[in-house]
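A short worksheet on the structure shown next.
Derivation of every value follows stated rules applied to the coordinates shown; laboratory data play no part. Since this is a predicted model, take the numbers as computed values, not measurements. All Cβ positions, glycine included, derive from the backbone under ideal geometry; neighbour counts span all protein chains shown.
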Amino acid sequence: MDGHTTPGYAARKDDYAKRMRRIEGQVKGIERMIAEDKYCIDVLTQVSAVTKALQAVALGLLDEHMAHCVLDAARADSPEAETKLREASDAIARLVRS
């Protein structure tokens with residue numbers, strides 16, 4: 001983990017794991033809807049819900065990264081601070097494009 005021993009989300013790891021299991025269940029539900037030839041709009045509605053749920057996880061992880069990894073590196077006046085900030089900026093760009 002590039003020199004950082006604990007991820008910024010460590011305190012909420014169980015919450016993130018629970019959310020991902022819930023999302024996994026939603027995705028399996030979509031798969032089942034498709035197998036059962038459910039109405040297109042109903043499937044799309046569920047896809048939208050999963051997309052929003054994944055975005056919420058991504059934003060939470062980004063917030064944790066900023067509040068811990070980036071802030072800690074900046075407070076330590078570490079040369080790594082610029083790298084951490086660039087990583088966060090790149091992650092935001094990926095989220096905006098998706």
For this session: Return a yes/no flag: does the range 47-59 have any residue that is under 13 Å from the mean Cα position of the chain (by Cα), of a type outside the set (D, E, K, R) and loosely packed, with under 11 Cβ neighbours inside 10 Å.
Result: no
Exercise. Which pairs have Cβ atoms under 8 Å, sit 6 or more apart or on different chains, and link a residue in the range 27-38 that is surrounded by 14 or more Cβ atoms within 10 Å (Cβ to Cβ) to one that is of a type in the set (A, V, I, L, M, F, W, C)?
Worked result: Val27/Val50; Ile30/Val43; Ile30/Val47; Ile30/Val50; Met33/Val43
